[in-house]
Amino acid sequence: MKIIVTGHGNFATGLQSTVKLLAGELPNVAFIDFTGDMNDGSLSDRFKQVLADTDQAVFFCDLLGGTPFKEAVKLSNQLGKDIAVITGCNIGSLLEIGLQLGDYKANATTLAEQLVTTSKAQTKVFHHHAIVEPSDDEDGI
Amino acid sequence: MGEPNIVLTRIDNRLVHGQVGVVWTSSAGANLLLVANDETANDQLQQELMAATAETSGVGIRFWTIDKTVSTISKASARQKIFLIVRNPQDARRLVEGGVPIKDLNIGNMHFSQGKTQVTKYTYMDDQDKADLKACADAGVNVYVQEVPEDKKQPLEEVI
């Protein structure tokens with residue numbers, strides 16, 4: 001199983017630099033930029049190279065409806081491999097799930113759902129609130 | 001039936017993609033994307049991919065052939081602010097010559113292919129493209145190159 005991070009400009013290699021700082025290398029995660037000098041075909045060719053040695057992958061795309069998303073969906077339709085496509089997920093989900101990817105057993109759609117669920121859980125407005133400790137008459141500390 | 005409210009028309013080889021669906025739709029203030037393209041009008045997968053953006057942006061989307069666009073766009077309601085998207089200058093010219101009231105024609109992505117030469121950073125044209133764009137301009141359409149809304153508009157006569 002691979003996760004392929006892809007997006008417009010340096011979205012992918014930008015996230016890669018974040019991953020590297022926080023977690024080092026994630027061996028089963030690939031990062032593919034879609035830059036101004038590329039076209040739909042050259043992006044799709046890069047996807048195919050990364051997919052050559054795996055039968056399962058989740059495309060982690062920046063933007064619903066964008067070209068990286070569209071090319072990923074087209075390949076998922078064409079190649080007959082177990083491929084799922086997600087958009088709008090965050091670095092928290094990529095780190096949390098990317099670190100556990102080594103011996104992943106379930107299918108791409110299950111992994112895709114996990115990434116989306118984790119991303120939603122980490123998408124928050126921060127509100128201040130007092131930290132309340134349990135009162136003395138409760139059991140424990 | 002009155003004149004359809006076409007807020008923008010764009011030539012883009014990719015039709016609706018991230019840049020068009022998100023950035024241009026909001027900057028143009030459109031609430032309906034009309035993809036005028038003969039292949040896409042009959043391609044379920046392409047329609048699904050392009051509709052994904054429209055659904056999350058809360059705008060409508062239609063996939064019409066060039067002929068249907070010419071014959072039917074005048075039925076649009078006044079509340080529909082239409083962003084018309086075509087793949088190439090040939091289709092833009094067909095719409096203009098078919099009487100679709102296009103005021104502004106934004107040239108976006110026109111990628112390199114065999115026989116085309118670079119005109120601006122993201123636009124490559126052959127003689128036919130230039131002739132078709134000139135025909136649109138001669139019909140009174142304001143034709144200009146502009147990749148993203150923050151870019152300055154480059155009038156057609158300055159680039160070809």
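Throughout, read-outs are computed from the coordinates displayed, never taken from laboratory work. Quick caveat, the model's predicted, so the values are computed rather than measured. Cβ sites come from the backbone with ideal geometry, for glycine too, and all protein chains shown count toward neighbours.
Here are a few things to note about the model shown:
- Residue check for B:Asn142: more than 25 Å from A:Gly36 (Cα to Cα), touching a residue at least 24 places away in the same chain (Cβ under 8 Å) and not basic (Lys, Arg): yes
- Of all residues in the stretch B:1-44, those that are away from chain A (no Cβ under 14 Å) and either within 12 Å of the chain's Cα centre (by Cα) or part of a helix (DSSP H, G or I) (or both) total 13.
- Residue in the stretch A:88-105 that is basic (Lys, Arg), free of Cβ contacts under 8 Å to residues at least 60 places away in the same chain, under 24 Å from B:Thr53 (Cβ atoms) and more than 14 Å from every other protein chain (Cβ to nearest Cβ) present: no
- Top-ranked residue in the stretch A:62-82 [being more than 8 Å from every other protein chain (Cβ to nearest Cβ) and loosely packed, with under 14 Cβ neighbours inside 10 Å; ranked as nearest to B:His111 (Cα to Cα)]: A:Gln78
- Looking only at residues of the stretch A:18-55 that are of a type in the set (S, T, N, Q) and within 14 Å of the chain's Cα centre (by Cα), we find that the one that is nearest to A:Ile86 (Cα to Cα) is A:Asn28.
- For the stretch B:94-112, filtered to residues that are part of a loop (DSSP other than H, G, I, E, B) and either buried (at least 16 other Cβ atoms within 10 Å of the Cβ) or in contact with a Ser or Thr (Cβ under 7 Å, 6 or more places away or on another chain) (or both), the residue that is nearest to the other protein chains (Cβ to nearest Cβ) is B:Asn109.
- Qualifying residue in the stretch A:29-39 (condition: farther than 26 Å from B:Ala54 by Cα, in contact with a Gly (Cβ under 7 Å, 6 or more places away or on another chain) and buried (at least 17 other Cβ atoms within 10 Å of the Cβ)): yes
- Members of the stretch B:52-73 found to be out of contact with any Asp or Glu (no Cβ under 7 Å at 6 or more places or on another chain) and either assigned to a loop (DSSP other than H, G, I, E, B) or surrounded by fewer than 17 Cβ atoms within 10 Å (Cβ to Cβ) (or both), listed by number: B:Glu55, B:Thr56, B:Gly58, B:Val59, B:Gly60, B:Asp67, B:Lys68, B:Ser71, B:Thr72
- A single member of A:Leu94, A:Leu101, A:Leu75 is outside any helix (DSSP H, G or I), of a type outside the set (Val, Ile, Thr) and touching a strand residue (DSSP E or B) at 6+ places or on another chain (Cβ under 8 Å), and it is A:Leu101.
- Identity of the residue in the stretch B:113-125, assigned to a loop (DSSP other than H, G, I, E, B) and exposed (fewer than 14 other Cβ atoms within 10 Å of the Cβ), that ends up farthest from the other protein chains (Cβ to nearest Cβ): B:Gly115
- Residue count for the stretch A:24-54, restricted to those that are in contact with a helix residue (DSSP H, G or I) (Cβ under 6 Å, 6 or more places away or on another chain) and more than 16 Å from A:Val73 (Cα to Cα): 5
- Residue in the stretch B:130-144 that is of a type in the set (Val, Ile, Thr), within 25 Å of A:Phe69 (Cβ to Cβ) and surrounded by 19 or more Cβ atoms within 10 Å (Cβ to Cβ) present: no
- The set of residues from the stretch A:7-61 being away from every other protein chain (no Cβ under 14 Å) and in a loop (DSSP other than H, G, I, E, B) comprises A:Asn10, A:Gly24, A:Glu25, A:Leu26, A:Pro27, A:Asn28, A:Ala52, A:Asp53, A:Thr54, A:Asp55.
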